Amino acid sequence: MKKVITLLGFTILFLTNCFKDLDYDLDFEGQEIVIRGTISPQDGAIIQVSHTLDPEGTYFFDTLDLNINNAIVKLYANDTLLQQISYSGKNGLYLEEDLTLNRNVAYHLTVEVEGFPSARTEKIEIPQLPQTTFNLVREDENELRIDIEVADNPKASYYQLVANGYYDMEVVELYAYPIGTYEQWEICGLIETGSSNGFHITDDCFKEKTFLFPLSVQIEYFQPSLDSSLFFIEPIIVEEVTLRFRSTIKERYDFVVTSDVPEGIDNAFREPAITFSNVIGGHGYFSAYQETVYIHKL
Amino acid sequence: MKIYFSLLLVCLSSTLVAQIVLSGTIKDKASGEVLIGANIYALGNQKGSVTNVYGFYSLTIPAADTLVISYVGYETKRIFINASKTLSIELPTALLQEIEITATANQPVEEKIGKVNISVAELKRLPIILGETDIIKSLALTPGISIGTEGTTGLLVRGGTPDQNLVLLDGATVYNISHLFGFLSVFNPDAVKEVTLLKGAFPAEYGGRLSSVVDVRMKDGNKKEKKRQYKLGLISSSWFSEGPLNAKTSYMFSARTSYLGLIGLPSYISFAAKDEGQAVTYWMYDTNFKLHHQLNDKEQLFYSFYAGNDILPAIEKIAGIKNKVNLNWGNITSSIRYTNAINSKLYATATLAFNYFNYRLKVTSKSASTDDGLLNRSSLRDVATRYKLSWYTGANQTIDIGGELIQHSYKPGNVKTFTDGKVDRSSGETIQALSYALYINDKINLSRWLSLNLGLRWSNYQVEKRGYHYLEPRLSLAINPSNSSSVKFGYSAMNQFVHLLTASGGGLPNDIWVPTTAAVPPQRSKQYSIGYSQDLANQAWNLTIESYYKKMSQLIDFQSGASIVFNSDSDWQELIEQNGEGITYGGEFFLKKNKGRLTGWLGYTLSWNDRLFQNINQNQWFPAKYDRRHDFELTANYKISDRWQFSSNFVYNTGFVVTLPVALIEPYQPVFTTRNNKRAPDYLRLDVGFTLNKKNSKGNEVQWNFSLYNAFGRRNPFFVEYRSAYFAEFDNTSITPFNEGVRGTVRQGTAFSLLPSFSYSVKF
């Protein structure tokens, strides 16, 4: 793909003799609330609240803080207040582990922050728990092959895999990817999540049948070096691998898909997608999942 | 329908009375080239006829009369006729001063509605910019017609997309109409005799596209003497020759190449010297060839050939890895046509045509340890046969009956990848399809002030064991209150069995032509148009005002965020949204000056153009990529003296639409809420050119042209994008930035700004 990009870059350079910044009014309507929220019977509610920025602004990393720590976040079940979600104390995260969440119940959130327009999400439901079995094959010293057998369920069409390791009392992200070509899995709706330890997939490839999902997990962890002259030290094999296989809902998948924004020359060749949001009066997503967890000690 | 048949019977009954039937061809006296669209008018009977694309006419008049034969740029002839006969006429070219006077003399005013016609004489009077007259750019300077952006090739007619134009070169379909991303048209003006663009009220003869028909006819070749011309220019150079091979056969040959890629030559020299760095170049060529053979007085045979290619190679070598990219694309068309003037009232045409469009991208990456590559090819090929029988009933009526059969072969995207020099994956498919159509078209002048063009086309398409069958009614009704004014209403139902998948708005070579398949239905449209045309001041001026409404359905587009460029391995049918709708409507104003030292036109279009797809823009209507509210053109050609001529184009149009974010939810994460919510800056361009015509010491015609494209040097947008760019600030004491962050900007890329050029040509 880089080669194609190279070609297009050359073409653009050849065709385009100059660039010019434009003075545009981009219709920024002031700061609004951004919600990234999920609920699940296993983990409760994990809600991050932040705010939007003017797209034509200049932002310095050391002073930029988008997170909102004084929000009033309320979770409703069938339009009845279920719980006010309390602030975790950092990163704009509002957490509540002890929640009883059930299927066939319509949940939604409201978020109030002083100085911002109030935001509420559309209603969502908890998806069915994925029926999975994990079969492990140790490929070599630094790689596991895990075949995940997924029984298709007409009420669960979107899935997410998250791979983590455990080393020296720390949770670390492990590189996990489906075995086969990217194009092969792309047809199945595969989308990378932005971090290397997971991806989303739809059931486009395995409707009405049991599906075998061959997965490769790198079990070595490159611990950042304390010596600033070295970037990494030797990789360390983690002590434990945790795979979370989740059934999610369309809203989560759509948010990931539409957040893939074309950049650079790519802009000239495809239209950006309209960014998914099920937040009324703000932006972001409110999603739900159920997960089966596989833990393998090494 | 009963009324129509009653009128038909009345008209046909008039043919039973003893009449004078005239037929024949009208030709250029100097070259013997037939003249398309020449007028034959019986003064006393006030009846007329127009020559067809083979120069043939048929006219039936009730009594002896004086005929007036006229054609743009030629002397008008008057002949007294008192008996039926075959009458072939040669018209001498008018002197320059007379050309200005006779410009569009006697052209029926109703023919100026819904149609743009550029004859051989008018071709000479079009502005010469960048060293030559560009037919596509000239068409785009008339109302209702535009091109995308600079750097794209698409011709956009009445809100249509680039694929919705049926472009025919001597009967063969041309899929790619431009070289160098729209910089030059594939139609070498030296080789072209006549161009006609229909944008509404389509005759039933034409089908398979929704928005326009562009019929380009090549010169048949001089029948009387050999003529040659060479042209040297900054952008391109060409060679043209024509002449008789014997008493019955003539030929025409032209070839053209561009060496614009010389701009990239220094980078190649530098690359060759260092074996490191980057280099890119470009070149193109095209060639036209035609043979015409007069079998006898009635039968003719034509062979036409066109081949053109664009080649864009690029190379880079960095850190021991050599990447090579070779992009080329082009057309080949070929046609054999046979015509037979069976008798004075019947004219038959048979065509066998072939066309091939090919796009090929090869990328290789080599190093000491790797030899990988990718080959992406897309092509389509048509083999078409057409037959048409024209019956000039003699009652101011022409009935055309015909049919066509086209075998299509599509390869929308064949991909091969190479690893270590071996093919490790090959994908892609060939889709075979067959289209066929039968039609009948009746053009009837019911009275001096009322004419009707009624047609019915039965269009069919067979692919993957599925058939699509449509009846397409066509209608135009012209009311002519006087010889100098006309009101015309048109209706056309059209179906299109091919789509262009484009992520750039049309025109880049990596746009993929894809067929209608069992899963992807054809595009459909219904267009209504009404126009008024008025000749003024003895045809020195013409004013045409038109309005149209076009509804399109079953359109396709890329799914949100998808691009064939970045999904070249995927099945294109997986990447598209289907069942899109489109509505486009607007008004067109055209004021043309035909006489005097100053000729030219002023055109203005006010239009709206919207689309609706279920999964794009949350099922809400949004402006189409080239929705342009205002489109204004002013074209002027001023004859300063017998030797000097000044040409100028001024173009203004509303900027194209673009999707830009309304907020950021992370420093690098823009939020888009509406498709095409903003507009690029308006497009503004002024071209000027001076042409010097003189004779050299050998008596040969010499022409110098000096021109400035985009004389303002305005940076018109090629694309507009949003960037959230990283920046870092350093001081002199540390390699670590003391400040870093992101800055959001909207920027535009410009394809071409001010571009001077010259050309020098000699005819001998």
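Couple of notes before you dig in:
- Using alpha-carbon coordinates, inclination of helix B:2-13 to the longest axis of chain B, degrees: 50 degrees
- For the protein assembly as shown, with +1 on Lys and Arg beta carbons and -1 on Asp and Glu, the positive-most of B:Asn326, A:Leu212, B:His469 along the dipole: B:His469
- Dipole in debye (nearest 20) - the protein assembly as shown, about Cα centre, beta carbon charges: Lys, Arg +1; Asp, Glu -1: 7280 debye
- Applying the criteria of a DSSP loop state and at most 10 other Cβ atoms within 10 Å to the trypsin sites (Lys or Arg not before Pro) of the stretch A:77-151 yields A:Lys90.
- When the Cα gyration tensor is reduced to axis lengths a ≥ b ≥ c, the ratio a/c is 1.5 or higher for the stretch A:54-164, and with a/b not above b/c it is classed as oblate.
- Cα pair distances in the stretch B:577-680, grouped into 10 Å bins until the bin that holds the longest one, percent each: 13, 29, 23, 17, 11, 6, 1
- The simple spin-label model puts a point 7 Å past each Cα toward its Cβ; for B:Arg714 and B:Phe354 those points are separated by 4.6 nm.
- Contact order normalised by residue count of chain B, Cα under 8 Å, 6+ apart, percent: 10 percent
- Solvent-accessible ranking of B:Glu132, A:Glu141, B:Glu75, B:Glu574, largest area first, probe 1.4 Å: A:Glu141, B:Glu574, B:Glu75, B:Glu132
- Residue-span extension gain [B:Lys322 to B:Ala30] - 0.36 nm each, minus C-alpha spacing: 99.4 nm
- Loop-located trypsin sites (Lys or Arg not before Pro) in the stretch B:607-708, at most 16 other Cβ atoms within 10 Å (DSSP): B:Arg629, B:Arg643, B:Lys698
- The ratio of the alpha-carbon radius of gyration of chain B to the globular-protein estimate 2.2 N^0.38 Å is 1.00.
- The stretch between B:Asn696 and B:Ile479, if pulled fully straight at 0.36 nm per residue, gains 73.0 nm over its current Cα-Cα span.
- A dipole drawn for the stretch B:334-439 from +1 and -1 charges on Cβ atoms has a positive end, and of B:Gly394, B:Ser369, B:Ser344 the residue lying farthest that way is B:Ser344.
- Relative to the longest principal axis of the Cα atoms of chain B, the long axis of helix B:265-274 lies at roughly 30 degrees.
- Residue-by-residue Karplus 3J(HN,Hα) for the stretch B:481-487, coefficients 6.51, -1.76, 1.60, Hz, glycine and proline x: x, 8, 5, 10, 9, 7, 10
- Area projected by the alpha carbon convex hull of the stretch B:690-764, averaged over all directions, nm²: 9.9 nm²
- Rounded to whole Å, sorted largest first: equivalent-ellipsoid semi-axes of the stretch B:304-385, Cα gyration tensor: 48, 10, 6
- Percent of C-alpha pairs per 5 Å bin, the stretch B:134-175, short to long: 6, 23, 28, 29, 12, 2
- Taking the three principal axes of the alpha carbon atoms in the stretch B:420-471, the coordinate ranges are 76, 26, 10 Å, sorted in descending order.
- Cβ charges +1 (Lys, Arg) and -1 (Asp, Glu), total dipole of the stretch B:276-419, debye: 220 debye
- Think of it as helices only: each DSSP H run of n ≥ 4 in chain B is worth -39500 (n - 2.57), and spread over all residues that comes to -1500 deg cm²/dmol at 222 nm.
- Hydrodynamic radius (Kirkwood) for the stretch B:443-542, which is based on Cα pairs only, to one decimal in Å: 16.8 Å
- Between the stretch B:36-96 and the stretch B:712-754, the alpha-carbon center distance in angstrom: 65 Å
- FRET efficiency for the A:Gln42 to A:Ile72 pair, using the beta carbon distance and R₀ = 25 Å, is estimated at 0.50.
- In plain terms, the C-alpha convex hull of the protein assembly as shown casts an average shadow of 49.2 nm² when viewed from every direction.
- Using the alpha carbons alone, the radius of gyration of the stretch B:253-324 stands to its Kirkwood radius in an Rg to Rh ratio of 1.37.
The values are calculated or read from the model by the stated rules, or taken from the named source; none is laboratory data. These numbers were taken from a predicted model, which means no experiment stands behind them. A quick note on method: Cβ atoms are made from the backbone with ideal geometry, for glycine too, and the neighbour counts reach across all protein chains shown. Just so you know, the surface numbers come from the protein's heavy atoms only, side chains and all, with ligands and any DNA or RNA stripped out. Shrake-Rupley method; radii C 1.70, N 1.55, O 1.52, S 1.80 Å.
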